[in-house]
1. Taking segment 29-46, which residues are under 21 Å from Leu123 (Cβ atoms) and not hydrophobic (A, V, I, L, M, F, W, C)?
2. Only helices (runs of 4 or more DSSP H) wholly contained in segment 1-97 count here; list those with 1 or more residues that are farther than 30 Å from Ala114 by Cβ, open to solvent by less than 20 Å² (accessible area, probe 1.4 Å) and among the aromatic types (Phe, Trp, Tyr).
3. Residue pairs, Cβ under 6 Å, 6 or more apart or interchain, first in segment 77-89 and within 12 Å of Val101 (Cβ to Cβ), second open to solvent by 20 Å² or more (accessible area, probe 1.4 Å) and in a helix (DSSP H, G or I). List them.
4. Taking Arg66 as the residue in question, decide whether it is among the basic types (Lys, Arg) and modelled with pLDDT of 95 or more.
5. Can you name every residue in segment 1-24 that is in contact with a strand residue (DSSP E or B) (Cβ under 7 Å, 6 or more places away or on another chain) and either farther than 25 Å from Val46 by Cα or small (Gly, Ala, Ser) (or both)?
6. Among (1) within 30 Å of Ser124 (Cα to Cα); (2) touching a Cys at 6+ places or on another chain (Cβ under 7 Å), where does Val101 come up short?
7. Checking the condition closer than 16 Å to Pro22 by Cα, at pLDDT 90 or above and under 19 Å from the mean Cα position of the chain (by Cα), which residue from Glu108, Glu88 passes?
8. So which of Glu48, Glu63 is of a type in the set (Asp, Glu), in contact with a strand residue (DSSP E or B) (Cβ under 6 Å, 6 or more places away or on another chain) and either more than 23 Å from Arg106 (Cβ to Cβ) or free of Cβ contacts under 8 Å to residues at least 60 places away in the same chain (or both)?
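The values are calculated or read from the model by the stated rules, or taken from the named source; none is laboratory data. Keep in mind that this is a model prediction, so the values were computed, not measured. For neighbour counting, all protein chains shown are included, and Cβ atoms are generated from backbone atoms with ideal geometry for every residue, glycine included. SASA here: full protein model, heavy atoms, side chains in, ligands and nucleic acids out. Shrake-Rupley method; radii C 1.70, N 1.55, O 1.52, S 1.80 Å.
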Amino acid sequence: MGPVRVTAIASLTPLEELDDDPFLVDSRSQHAMCARWAAERGFVVVRELLVRGLRPDHGALWEGMRPGTDLFVAPSRRVLAGALSSVEEFTAECARRGVRVEIVGRPEPAYDAAMKARVHRRLSMPTAGYDGR
């Protein structure tokens, strides 16, 4: 059967919203939170999705998903709400297809000015080779 394969879902939120909601903009931290959650359980993250308002039946969600062995994880319900057009329809579709949905549910990081500046640099200069470190 193999290890449980995880698809981590992050919300694609515009950089303009950084001051109002830095965690939703910081997709790297969202995916990292999901990766830690998966590693703690011995699961393997095989895909990282970065989406906004995606329909629950969109093929990108379901590509390669195996009922009973694969699962979706998001850092929080509000991240999932930003990533998908309807969390309720998505969870119903998951149930119908036999795929679990998990929420990490840990506290979001508190962003200070320096952290926001790093996120801003990483997202505003990707073509310059800056990787956010």
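1. Ser29, Gln30, His31, listed by residue number.
2. 87-97
3. Val87/Ala81
4. no
5. Ala8, Ala10
6. (1)
7. Every option except Glu108 fails the conditions.
8. None of the others qualify; the one that does is Glu48.
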